[in-house]
1. Can you compute the charge dipole magnitude of region A:56-188 about its Cα centre, using +1 on each Lys and Arg Cβ and -1 on each Asp and Glu Cβ, nothing else charged? Give it in debye, rounded to the nearest 20.
2. Run the simple label-point estimate for A:Arg189 and B:Ala85 please: 7 Å along Cα→C-beta, distance reported in nm.
3. Could you let me know the centre-to-centre spacing of region A:57-87 and region B:148-164, using Cα atoms, in angstrom?
4. Other chains near C:323-334: what is the mean number of their Cβ atoms within 10 Å of each residue's Cβ?
5. Could you compute the FRET efficiency for B:Glu173 and C:Ser341, with r as their C-beta to C-beta distance and R0 at 60 Å, rounded to 0.05?
6. Quick one: go through region C:176-196 and flag any residue whose amide nitrogen is under 17 Å from the point 7 Å out along the Cα-to-Cβ line of A:Glu165.
7. Region C:206-236 to region C:34-107: how many Å between their Cα centroids?
8. Excluding same-chain residues fewer than 8 positions from A:Lys123, which aspartates and glutamates have a Cα within less than 12 Å of its Cα?
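What follows is calculated from the coordinates using simple rules that are stated; it is not laboratory data. These numbers were taken from a predicted model, which means no experiment stands behind them. With ideal geometry, Cβ positions are generated from the backbone for all residues, glycine too; neighbour counts draw on all protein chains shown.
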Amino acid sequence: MALNDKSLAARGLQSERVQWVGKGPGVFEREVESLETEVGLTTLAKAIAWAQTKSMWPDTFGLACCAIEMMSIVSSRYDIARFGMEAFRSSPRQADLLIVSGRVSHKMAAPLRQIYDQMLEPKWVIAMGACASSGGMFNNYAILQGVDRVVPVDIHVPGCPPRPEALMEGIVRLHEKVNAGVPPAYEIRGVAE
Amino acid sequence: MTYTAVPGLVETKDAYGETTVIVDTARLLDAARYLRDELGFSFLSDVTATDYLGWGDQAVAGYIGTAAGRDLNRPGSHGLAHRPARKPKRFSMSYHLLALRAGATRVRLQTFVDDGEPVESVIPIWPTADWHEREVWDLMGVNIVNHPNRVRILMDEDWEGHPLRKDYPIGGEPVRFSGEE
Amino acid sequence: MATVERHPVRPGKQLIYEGSRIPRRCPTILDVPAHLAGNEDINQINFGPNHPSTHGVLRLVVDLDGELVVGLRAVIGYLHTGFEKTMEQKSWWKCITYPERIDYLSFQTNELVFVLAIEKLLALEVPEKATWMRMCLLELNRIHSHLVWLGTACLELGAISMFWYTFRERDQILDLSEMVCGVRMHTRYFQAGGLAEDIPTGFYDECWKFVEQMPKAVDQYEDMVDRNRIWLERTKGLGLLSADDAIALGQSGPCLRASGVDWDLRRDQPYLFYDRVYFTVCTREHGDVWDRYKVHMDEMRQSVRIIAQCLEQLQKFEPGAPWIADDRKVVLPPREELHTSMESLIHHFKIVTEGYRVPEGEIYTTIESPRGEMGCYVVSDGGAKPWRVKFRAPSFVALQATATCMHEALIADMIAIAGSLDTVMGEVDR
């Protein structure tokens, strides 16, 4: 698509991600905007939230096919290093973000919960893909029907597998949520027992 | 390649270009040894169990698809629905063998067992059968004896039941309006 | 006793060691040797299921004497999805989306093995254009799988930059896949009878560009690690597996060929049109990690060769040539016909709701996936749903061999060896 030199913001668009000429900010952006004014973070809290989003290190929790697409956001085309997130920590003690990518079987649910518990607050969870969000196409004895049965989830990213851009959209929305002052999911939803 | 001298031979079937050698369960190891040593099937590709509980109960109505074409009134069917022939026992154990030589000869060594009937492990003949048989025990519950390490492999160690059996429910959660209960 | 021809090893080449290392009847567990059994210095450590260096959710319980691995036990099942039971509940057409997720690195390979089984039972005639396109996509999948393997294997051994280089080419392959099938991974493009849709214009040019560029990329990868002292020390002479052991343990694919056994299903049991293309089967003789790496690299080059030949053949077809079989009882009619033809509407309805019926029988199809012999055992009772589907996954069998390869290995070697076996946990656990 051909864009003139004028930046999108100059055209009146408030969200950088919207590239549709003439389309205004979406529902999410408007809600985030209203949240920002409602929650009313102090300058210090805003600065802390900004810092948290600028280097939110994910944990290597790749399980199945979605893990391959998660690996591809680290690759040079969909470079996630521009968000400061290329440092995938294998130790949950050093990670902020748990991207559950792939189908979680009942056998794996216990290690998943253990890893989540080992992460230090503040911590966020992205359920990547259909299987992590809801069990996906596997409605059977073996697969957990959505990881929100064991861990509280902030963002669900649909797709089977979601494109790398879709996962990055989810990550960017998480950043916007954090910047708006929305607390991590364990404070809102309560931790599953 | 003739299989007439296989110990414990019950039947040989040829279909779709594949040969199935059905043997007696008690003589499985002899048959396996014969196939490996005399006929050269040194590669065990797969060990599978099939549960035939309910086999043939659902009538196949309407047109019958055959290799020769679609046939609404197959001769001899009198227009009645065709049902598959009954199997001798509940489970079948299939061992898929391959001979590593030109032509890639394959054969399926098959034996029928009942629930609980012991089947000898073929690890002494093909060591690769180890995990295959563990999986068969785990998911189907076929009683494989003389296995050095017969523990569950895919399910949790304390799981009850054998999921792939036909009387084990599919599980999961009910989905509204999907037509599947 | 009839003389039986043993496995065809490359003539004139000596194996680095002969004979079997299988210590007892159960080589899939390495037991702590008796003289160390009560020793307090033996540490039992748990590797996984969440570990950066095990490919996916594999759990290895290792006994360590210092850094030497003296006991090893692999625990799998953390990704068990119940594919086989779920597929028994779906109609044959809807089942085709499931096998792709089994071996998620070479997704169309699993699709193909299942579709080939259905086609054999139905005795469908697949048009030639579809077969050539299937071959082309299959070889693209093979390169894709080897690229991801190479990137992650090097990542685990510390050669981190290789990951970015291999993923650069991998994204190009997924671009091609997206152009043809509409989605990057898990495409559901192979149907019983051929392809789901026609090949789009512009695909051939893009694929030729890829074919010209890929061999140079493989040369680049080899330049990066082949003469690197650290890489050589970490891969040469490790994880030895003799040809006899490989066959006894059911290995296939690059693992088997790296151990000196000249066996490739594409050449020895040709399916699709592999008997009409020229390619070399790459074997090495030592069976160590280095040889498996080299076999993967050589295979990538051979795959490019096959793709070039497939493209030449494909470009000979006219633009409107059929891409799926003509049998309306199995294949969905084209959408334009639904507006005018009553029969097409009825067939569409029957196929989508009830599904086509596959005649009674059992089939075991095998193809050469990037990991080895992938097999699909299908039992049909003549109904609209499969009675039993079993996927013979090569990684399941390859993982059994970890203990046999681990002869006086350190932990770092264990990572290299487990990585070189090229296991994908999706197909191990199914």
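1. Details: 12 positive and 13 negative charges, 62 e Å.
Computed about the Cα centre, the dipole is about 300 debye.
2. For the pair A:Arg189/B:Ala85, the computed spacing is 5.5 nm.
3. 34 Å
4. On the way: counts 0, 0, 0, 0, 3, 1, 4, 2, 0, 0, 0, 0.
The shielding value for this peptide is 1.
5. On the way: r = 40 Å, r/R0 = 0.67.
So, using R0 = 60 Å, E works out to roughly 0.90.
6. C:176-185
7. Their Cα centres are 29 Å away from one another.
8. Within the straight-line limit of under 12 Å, A:Lys123 reaches these aspartates and glutamates: A:Asp59, A:Asp96, A:Asp154, A:Glu187.
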